[in-house]
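Any read-out appearing in this document is the output of simple, stated calculations on the displayed coordinates, not a laboratory observation. Quantities reported herein were computed from a predicted structural model and do not represent experimental measurements. When we count neighbours, we look across all protein chains shown, and the Cβ atoms used for this are built from the backbone with ideal geometry, even at glycine.
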Amino acid sequence: MNKKVVSILVTSAMAASMFSFAASAEDELITVGYAQVGAESDWRTANTESFKSTFTEENGYQLIFDDAQQKQENQIKAIRSFIQQEVDYIVIAPVVETGWETVLQEAADAGIPVILSDRQMDLADDSLYTCWVGGNFVKEGETCGQWLADYLEAQGRGEEEINIVTIQGTIGASAQIGRTEGVGNIVAQHENWKMLDMQSGEFTQAKGQEVMESFLKSYDDIDVVICENDNEAFGAIDAIKAAGKTCGPDGDIIVVSFDSVKAAFDSMIAGDLNATFECNPLHGPRVAEIIQKLEAGEDVEKIQYVDEAYFDTSMDLESILAERLY
Ligand code: AHR
């Protein structure tokens with residue numbers, strides 16, 4: 001055999017072994033398809049980052065990420081594409097609670113476990129998903145309502161007529177349904193509280209501002225605005241200021257919201273927002289722990305709530321903000 005032929009054979013053998021090493025390394029990765037809601041809020045951005053920084057190749061995963069732009073039909077398409085790609089796990093943060101049976105049955109038929117994260121699904125057959133991890137939205141709403149009762153009482157306004165408006169989240173989303181219900185449970189305990197209006201701000205700052213502008217045109221005696229996420233509150237605050245009114249602890253209108261993202265702390269420190277009720281978005285490591293347990297053949301709890309706090313302007317917000325991860 002001449003030198004040239006030997007060299008070609010050696011190079012081909014090396015290339016083949018490198019290829020098979022790369023292929024086997026890839027085979028060992030756990031493939032996870034994540035059907036994300038969209039990029040509507042600071043919370044959602046932190047949630048996406050949590051998944052992307054957890055499900056890395058260094059950690060043993062291949063993440064296929066899909067941003068559904070707040071549309072259920074896009075999430076259904078993404079799930080079908082994950083099934084076609086034969087992923088090991090499907091993770092879904094469902095835009096809304098209903099309408100998932102068919103596509104989840106397709107995932108079940110393909111033998112792919114489905115993990116729900118953040119929002120829940122309303123299904124006739126709960127065996128269509130393995131487990132869910134997220135915040136307790138009803139509890140968040142009740143904590144908000146109780147905070148308002150205590151705050152008004154402390155201000156000597158416990159018996160006063162209180163006019164409330166709510167900028168809701170995406171209608172049909174667990175976070176909207178739960179927070180509306182939770183606040184409603186506390187409103188029902190106060191005969192002097194009146195819910196003047198509720199409209200969706202779709203969890204975005206722009207829509208929150210638009211809805212607040214229309215509330216301010218329709219009602220001139222708003223005492224409280226409940227925003228079902230922080231970004232809606234940022235928009236509402238802009239609308240309140242543009243209408244020549246003030247808000248926050250020293251203002252005309254009490255503004256409260258949900259999520260507790262860093263920008264909400266800035267808003268409270270600036271004296272605009274009164275309080276924010278936490279919804280923790282850092283679900284990447286929690287879902288990874290679930291997947292590791294399933295890989296080890298262990299059982300996982302079906303419903304897993306995460307602990308959540310609240311923050312208001314009576315607290316040392318600078319110190320809390322310095323430690324905040326999102
Ligand atoms: O489902 C969680 C909610 O969705 C967060 O409160 C909100 O910011 C996001 O859009």
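Assign unit charges at the C-beta atoms only (+1 for Lys and Arg, -1 for Asp and Glu), then state the dipole size of segment 240-326 relative to its Cα centre in Debye, rounded to the nearest 20.
Dipole about the Cα centre, nearest 20: 340 debye.
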Evaluate segment 105-261: find the radius of gyration of its Cα atoms, find its Kirkwood radius, and give the ratio Rg to Rh. 1.07
I need the calculated FRET efficiency for the pair SER314 and LYS77, taking r as the beta carbon distance and R₀ as 56 Å, to the nearest 0.05. 0.75
Between LYS139 and ASN59, what FRET efficiency follows from the Cβ-Cβ distance if R0 is 22 Å, with the result rounded to 0.05? 0.10
Packing-based order for 88-100, 185-197, 109-121, 243-255, using average beta carbon neighbours within 10 Å, highest first: 88-100, 109-121, 243-255, 185-197
Any idea how far apart ALA243 and GLU28 come out in nm if each label point goes 7 Å out from Cα toward Cβ? 6.1
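For every other residue with a beta carbon closer than 11 angstrom to the beta carbon of THR166, add +1 if it is Lys or Arg and -1 if Asp or Glu, then tell me the sum.
-2
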With only Lys, Arg, Asp and Glu charged, each at its Cβ (+1 for the first two, -1 for the last two), find how big the charge dipole of the chain is about the Cα centre; round to the nearest 20 debye. 1380
Roughly what angle does helix 174-187 make with the longest principal axis of the chain, taking Cα atoms, 0 to 90 degrees, to the nearest 10? 20
Counting Lys and Arg as +1 and Asp and Glu as -1 over every other residue whose Cβ sits under 10 Å from the Cβ of ILE79, the net charge comes to 0
Please list 229-240, 32-43, 148-159 highest first by mean number of surrounding beta-carbon atoms within 10 Å per residue. 229-240, 32-43, 148-159
Choose one of ASN47, GLY156, TYR305: the residue whose Cα lies farthest towards the positive end of the charge dipole of the chain (beta-carbon charges +1 Lys, Arg; -1 Asp, Glu; about the Cα centre). ASN47
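Which FRET efficiency value, to the nearest 0.05, is calculated for ASP197 and ALA39 with the Förster distance at 25 angstrom and r the Cβ-Cβ distance? If you can, show how the numbers build up before the last one.
Numbers: r = 28 Å, r/R0 = 1.11.
Computed FRET efficiency for ASP197 and ALA39: 0.35.
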Per the rule of 0.36 nm per residue minus the C-alpha distance, extending ALA270 to SER214 adds in nm 17.7 nm
Between LEU282 and TYR305, with labels modelled 7 Å along Cα→Cβ, what's the label distance in nm to one decimal, could you check? 2.0
Structure shown: which of LYS139/LYS194; LYS207/LYS302; LYS52/LYS302; LYS52/LYS293 lie over 30 Å apart, alpha-carbon to alpha-carbon? LYS207/LYS302
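What order, most packed first, do the peptides 206-218, 166-178 have when packing is the mean number of other Cβ atoms within 10 Å of each residue?
166-178, 206-218
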